[in-house]
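Take a look at the structure set out below.
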Amino acid sequence: MALKTIVDIAKIMYGDVITSVTAPAAGLTGAEVAALIALASTKNVVNVHGDTWSYEEEEGSTTPFRNQLSGATYYNDLQPGAVNITFTIGQYEYQTRADLQGGTATSASWARPAESKIIYKSIIAVTKDDTYIVIPKAQVSARGSMVESKLIGLAVTVTPVETGVTGLAPEYFFDASEIVAA
């Protein structure tokens, strides 16, 4: 098994939530990721401002249950930490803002939605060393944010959530050699 170094970001894409897998026992495959990338509805993020990209997995927590009679722990309840990918888009089309923050867009305008709604997208992030981080269903939170006191960027946070699809995990890492069309 080869050692991996997963470094920085080279490309970010988003698209429709993945709603099925070919073989649930196998989970998501590289061929399915390649097919998702090839869809016209999958869009590239064309600009990530400065050093705003981050991948963070919070530390999980453990709650011990103790036997009152012996004082010994007989069970530990583990809650994994949340995973968040964050980045700020420095240049974007209004449609990108509508896709990730909601609202309506034309080529020359964006209007904030009257009511907030939860936005879900699939996310594919490719690192500089060709590791594909795939989130089949991510809750997306985006907002306007001042960067370096001048630029109003689109600050984006994506968090993997349960997919609701048998055999489809909330997050995958693939080597680039796996991302080939079937």
Exercise for review: Could you identify the single residue in 141, 145 that is under 17 Å from the mean Cα position of the chain (by Cα) and part of a strand (DSSP E or B)?
Suggested key: 141
Point to revise | Members of the range 35-69 that are touching a residue at least 60 places away in the same chain (Cβ under 8 Å), closer than 27 Å to residue 91 by Cβ and either among the small types (Gly, Ala, Ser) or open to solvent by 80 Å² or more (accessible area, probe 1.4 Å) (or both) | key: 38, 50
Exercise for review: Could you figure out which of (1) open to solvent by 40 Å² or more (accessible area, probe 1.4 Å); (2) acidic (Asp, Glu); (3) in contact (Cβ under 8 Å) with a residue 24 or more places away in the chain; (4) under 27 Å from residue 150 (Cβ atoms) isn't true of residue 93?
Suggested key: (3)
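The values are calculated or read from the model by the stated rules, or taken from the named source; none is laboratory data. Nothing here was measured: the structure is a model prediction, and the numbers come from that model. Methodologically, a virtual Cβ is constructed for each residue, glycine included, from the backbone with ideal geometry; neighbour enumeration extends over all protein chains shown. Side chains included, ligands, DNA and RNA excluded: accessible areas come from the protein's heavy atoms. Shrake-Rupley method; radii C 1.70, N 1.55, O 1.52, S 1.80 Å.
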